[in-house]
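To keep things clear, I will list the structure first and then write my remarks on it.
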Amino acid sequence: MHTTPAQSEFLESSALAKYLSMDKIALLDDLIHKAKENNLKSKHLYKAFNGVFARGNLSLLKKPKVAIIGTRSPNQYAKQMTTQLANTLSQKGFVIVSGGAIGIDSIAHLNANNNAILILPCGIDAIYPKENATLINNLAQNGLVLSEYSGTYKPMKHTFLERNRLIIAWSDIIIIPQADIKSGSSSSANLAITLQKPLFVLPHRLHESRGTQELLHAQKAQCIYDIESFVKNACEIHNIAYMQEIKDPLLEFAYNNGLFEDALKLFGDLVFAYELEGKIKRNGLYIVPC
């Protein structure tokens, strides 16, 4: 049965332990020492954890969690791969954790089938960013929204970084589909490395997503070359039953950003049928999954 508070409720560490493993709760206290040992200078890492405000389904905290975070301005490729990762992982039983920002964060949440935890950089009753009001309100009802801040506390520069430390500390796997150098995602990657969290990125063309390219070059992250293999391996590690899905050639074509004219030649009227069913849509000259 879902635990869905009508209003926000505050959970101290002792109450949070009903839903989240003690090692993840304790990790926030250990984080202060680990940050000092690794000479991480970001002040947000030294914030004491006193608990969180919550709205939504608290039982999601019990499931294996995958953080998907990244740039606010993803390219088309990163958008499509984020969509596919969030959708596939959430269908298998993983919960997608992110910060609700425009870009990678919101794409991950929107495709997580409500198996999503959104951690706010503002008060639990505030809506930020305003553009994602529908998403945030939906997850407060059908997913889970968390915040360390009460009421309508406004987001500040440091609260984004403090929010990010929760996302990393409480997730089992970290995926950064696209990020720039010296971005908030790069800071989160450094924290993931310090906490020895499995960190994954996507392959990109030269001069794109330089933040993740740098992580790969330094051998600090692993690369996802095949989503099905990645998800299958994650399922095995977290003891989740994996059943291979029957591949749909037209959807696979759409995921690969195929040309609309080529789709008509290969699949004929099925293209129009899938459009009407809301499975695919046109994006200029191309077709993409909905």
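The values are calculated or read from the model by the stated rules, or taken from the named source; none is laboratory data. Predicted model, so just to flag it, every value in this text is computed and none were measured. Every residue, glycine among them, receives a Cβ derived from its backbone with ideal geometry; neighbour counts consider all protein chains shown. These area figures cover heavy atoms from the full protein model, side chains too; ligands, DNA and RNA do not enter into them. Shrake-Rupley method; radii C 1.70, N 1.55, O 1.52, S 1.80 Å.
Only one of the listed residues (ILE175, ILE193, ILE136, ILE117) is modelled with pLDDT of 95 or more and part of a helix (DSSP H, G or I). That residue is ILE136. Of the residues in region 114-132, at least one is under 11 Å from the mean Cα position of the chain (by Cα), closer than 21 Å to CYS290 by Cα and open to solvent by 20 Å² or more (accessible area, probe 1.4 Å). Determine whether region 17-25 contains at least one residue that is open to solvent by 10 Å² or more (accessible area, probe 1.4 Å), closer than 30 Å to SER90 by Cβ and either basic (Lys, Arg) or at pLDDT below 80 (or both). Yes, the conditions are met somewhere in region 17-25.
Within region 200-224, being open to solvent by 50 Å² or more (accessible area, probe 1.4 Å) and within 18 Å of the chain's Cα centre (by Cα) holds for one residue alone: GLN222. Per the listing LYS197, LYS232, the residue uniquely within 22 Å of ARG165 (Cα to Cα) and open to solvent by 30 Å² or more (accessible area, probe 1.4 Å) is LYS197. Every listed requirement among (1) over 15 Å from ALA78 (Cβ atoms); (2) surrounded by fewer than 16 Cβ atoms within 10 Å (Cβ to Cβ); (3) modelled with pLDDT under 95 is met by ALA254 save one, (2). For region 257-282, a residue qualifies if it is surrounded by 12 or more Cβ atoms within 10 Å (Cβ to Cβ) and at pLDDT below 85, and the qualifying residues are ASN257, GLY258. Scoring LYS62 on the criteria (1) farther than 27 Å from ALA17 by Cβ; (2) surrounded by fewer than 17 Cβ atoms within 10 Å (Cβ to Cβ) leaves a single failure, condition (1). Would you pick out the residues in region 26-51 that are among the basic types (Lys, Arg), over 17 Å from LYS197 (Cβ atoms) and open to solvent by less than 100 Å² (accessible area, probe 1.4 Å)? Within region 26-51, just LYS47 meets the criteria. Can you confirm whether LEU135 is crowded, with 18+ Cβ neighbours inside 10 Å and in contact with an Asp or Glu (Cβ under 9 Å, 6 or more places away or on another chain)? Judged against the criteria, LEU135 is not a match.
For the criterion of being surrounded by fewer than 13 Cβ atoms within 10 Å (Cβ to Cβ) and of a type in the set (Val, Ile, Thr), ILE237 passes.
If the condition is being within 14 Å of the chain's Cα centre (by Cα) and open to solvent by 20 Å² or more (accessible area, probe 1.4 Å), then region 150-177 contributes ASN164, ASP172.
Restricted to region 151-195, and to residues there that are in contact (Cβ under 8 Å) with a residue 60 or more places away in the chain and basic (Lys, Arg), the residue that is farthest from LEU28 (Cα to Cα) is ARG163. The strands (runs of 3 or more DSSP E) located wholly in region 1-97 that include 1 or more residues which are farther than 30 Å from ARG210 by Cα and touching a strand residue (DSSP E or B) at 6+ places or on another chain (Cβ under 8 Å) occupy 9-11, 52-56. In summary, helices (runs of 4 or more DSSP H) completely within region 206-290 and bearing 1 or more residues that are aromatic (Phe, Trp, Tyr) and in contact (Cβ under 8 Å) with a residue 24 or more places away in the chain occur at 227-237, 249-255, 260-267, 270-276.
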